Structures are given as structure tokens and as C-alpha cells.
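Student: Pasting a structure below so you can have a look.
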Amino acid sequence: MANPKRRHSKARKNKRRAQDRLFASSHAPCPHCHEMKLPHQACPHCGYYKGRQVIAAEA
């Protein structure tokens with residue numbers, strides 16, 4: 001099995017790891033019930049997505 005001939009520098013390692021950060025998930029208001037929800041997903045509060053009900057509403 002092949003092994004590296006030279007070690008990678010700290011700068012090269014850190015440049016690669018610069019993209020590994022975490023992002024906070026974005027939220028948008030639901031146009032039907034105005035609760036905050038994840039974009040491109042059905043609202044967990046009212047069950048609407050793109051103007052029609054796709055999930056039975058919670059009691």
C-alpha cells in the first residue's frame with residue numbers, strides 16, 4: 001500500500017479544515033400560520049406546504 005513521501009504542512013491542513021464549520025439552520029415564517037419553519041419543508045405547526053395541507057394538523 002502506498003505511503004506519503006512527505007508530510008502535509010500545518011497551513012495545508014488548516015486550509016482544508018477551514019470549510020468544516022457548522023452553520024445555524026435558517027428559518028422562514030410560514031405563510032399560512034406565520035410560525036417559524038425550515039424552508040422547503042411542510043410546516044410542523046399547521047401542516048401546510050405551498051398553499052395546501054399535506055400533513056394532518058395537530059390537535
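The values are calculated or read from the model by the stated rules, or taken from the named source; none is laboratory data. These numbers come from a predicted model, not from an experiment. Note that each Cβ is placed from the backbone with ideal geometry, even for glycine, and that neighbours are counted across all protein chains shown.
Student: Which residue pairs have Cβ atoms closer than 6 Å, lie 6 or more positions apart in sequence or on different chains, and pair a first residue in the stretch 23-43 that is under 14 Å from residue 54 (Cα atoms) and assigned to a loop (DSSP other than H, G, I, E, B) with a second residue that is modelled with pLDDT under 95 and of a type in the set (A, V, I, L, M)?
Tutor: If the second residue must be modelled with pLDDT under 95 and of a type in the set (A, V, I, L, M), the pairs left are 42/54; 42/55.
Student: Now a separate question. Return the residues of the stretch 45-59 that are loosely packed, with under 13 Cβ neighbours inside 10 Å and either small (Gly, Ala, Ser) or under 16 Å from the mean Cα position of the chain (by Cα) (or both); say none if nothing qualifies.
Tutor: Once the filter is applied, which keeps residues that are loosely packed, with under 13 Cβ neighbours inside 10 Å and either small (Gly, Ala, Ser) or under 16 Å from the mean Cα position of the chain (by Cα) (or both), the stretch 45-59 yields 51, 56, 57, 59.
Student: Among the residues in the stretch 27-42, are any surrounded by fewer than 10 Cβ atoms within 10 Å (Cβ to Cβ), at positive phi and over 19 Å from the mean Cα position of the chain (by Cα)?
Tutor: no
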